[in-house]
Amino acid sequence: MRRRDVLTLASAVVAGGLWPARIFAQSDVASWPGGTVTLVSPFTPGGMSDVLGRALGEKLAPVFGRSFIVENRAGAGGTLGATSVARAAPDGHTLLVGHIGILAVNPSLYANLQYQPLTSFAFVAPLALVPNVLCINPKLPVHSIADLIAYAKANPGRLNFSSAGIGGAAHIAMAAFNVATGTKMVHVPYRGTPPSITDVISGQVQATFTSGVSLLPHVRSGALRALGFGTRKRIAAAPDIPAIAETVPGFEASSWYGIVAPAGTPEPIVQRLYFAIRNAMASPEIARRLNNEGAEHWDVTPGEFRSYVAAEIRAGRA
């Protein structure tokens with residue numbers, strides 16, 4: 001390469017933030033990963049993004065002979081963590097555990113979003129489809145979805161629901177429930193899923209509507225009362241809990257999760273990650289855990305994953 005060409009490329013990198021992804025992509029990627037790979041969970045520990053990231057990291061580390069660690073970068077409905085990954089070097093060493101809020105809802109929720117899902121990220125691998133379950137504090141005099149709707153309408157603005165933050169799974173699900181049922185329950189955002197659940201158990205907040213993986217253990221212990229899953233039909237893992245659609249026809253509010261990388265990440269690295277993640281998610285250990293909570297491995301290609309997110313974004317802006 002001529003000196004003038006080198007200087008031109010260097011200027012472009014400095015002035016425009018252009019990472020030398022094309023040069024890296026043309027090189028041999030057999031040495032990747034060259035060090036620790038960071039899976040950014042954009043919420044606090046204990047939520048579904050964190051749980052999936054840690055389970056996945058444990059499976060990927062022996063495959064590649066490198067550490068895969070989870071780093072929790074919570075704040076602003078997941079946008080802080082997502083933005084940090086969008087701005088990271090596209091070398092396959094920084095990945096994001098994305099979900100419906102970060103990748104599909106936030107573009108409609110935030111006017112000045114610092115990333116755009118379809119252009120800021122390379123879509124690597126879908127992870128899981130996770131049903132949400134609407135739970136309440138057992139002291140609330142409500143035992144069914146019909147009861148909740150009636151109680152909420154009789155007490156407008158007096159029932160609160162918690163979430164892991166603005167744009168989080170519980171926020172999205174309960175907002176959809178309010179719209180579908182004409183209720184007006186008030187959103188109380190927290191910094192993460194665990195504290196949002198703790199305050200429902202203690203009675204500080206009356207309801208939450210997040211992943212069964214996070215809530216079902218508390219339902220089984222009696223600390224929470226489950227009213228319904230945000231699925232179109234009952235799930236095998238908890239057949240005694242009805243689907244909300246049995247009372248609110250057509251209602252559905254489930255979450256999905258997937259891995260994305262900074263835009264410009266070389267395609268050979270994306271492909272290696274995709275096949276390794278796909279195998280990890282199909283492993284007996286992870287499959288058993290997902291099935292026990294009514295979740296399932298979301299097994300589509302990176303291209304189909306991106307197309308699905310694009311359709312979700314369009315639906316949110318319609």
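The values are calculated or read from the model by the stated rules, or taken from the named source; none is laboratory data. The structure displayed is predicted, hence computed values, not measured ones. Heads up, the Cβs are rebuilt from the backbone with ideal geometry, glycines too, and the neighbour counts pull from every protein chain shown. Please note that ligands, DNA and RNA were not included when accessible areas were found on the heavy atoms of the full protein model with its side chains. Shrake-Rupley method; radii C 1.70, N 1.55, O 1.52, S 1.80 Å.
Details
- The long axis of helix 212-221 is offset from the longest Cα principal axis of the chain by roughly 40 degrees.
- The stretch 240-314 shape via C-alpha gyration tensor axes, a/c threshold 1.5: oblate
- Axis angle, to the nearest 10 degrees, between helix 169-181 and the longest C-alpha principal axis of the chain: 50 degrees.
- Listed peptides 109-121, 90-102 by packing density, highest first (mean Cβ within 10 Å): 90-102, 109-121
- In summary, the chain shows an alpha-carbon radius of gyration equal to 1.06 times the 2.2 N^0.38 Å reference for compact globular proteins.
- Placing unit charges on the Cβ atoms only, positive for Lys and Arg and negative for Asp and Glu, gives the chain a dipole magnitude near 420 debye about its Cα centre.
- The listed residues Y274, Y190, once ranked by accessible area (1.4 Å probe) with the largest placed first, stand as Y190, Y274.
- Degrees, to the nearest 10: 48-64 long Cα axis against longest axis of the chain: 40
- Proximal lysines to K184, defined as alpha-carbon separation beneath 23 angstrom and excluding residues fewer than eight positions away on the same chain: K139, K153
- For a straight C-alpha distance cut-off of 14 angstrom, the aspartates and glutamates reachable from K233 (same-chain residues fewer than eight places away being disregarded) are E246, E252.
- Radius of gyration over Kirkwood radius for the stretch 36-95, both on Cα atoms: the Rg/Rh ratio is 0.98.
- Probe 1.4 Å, all protein chains present, accessible-area order of R272, R225, largest first: R272, R225
- Largest to smallest accessible area among K153, K233, K59 [probe 1.4 Å]: K233, K153, K59
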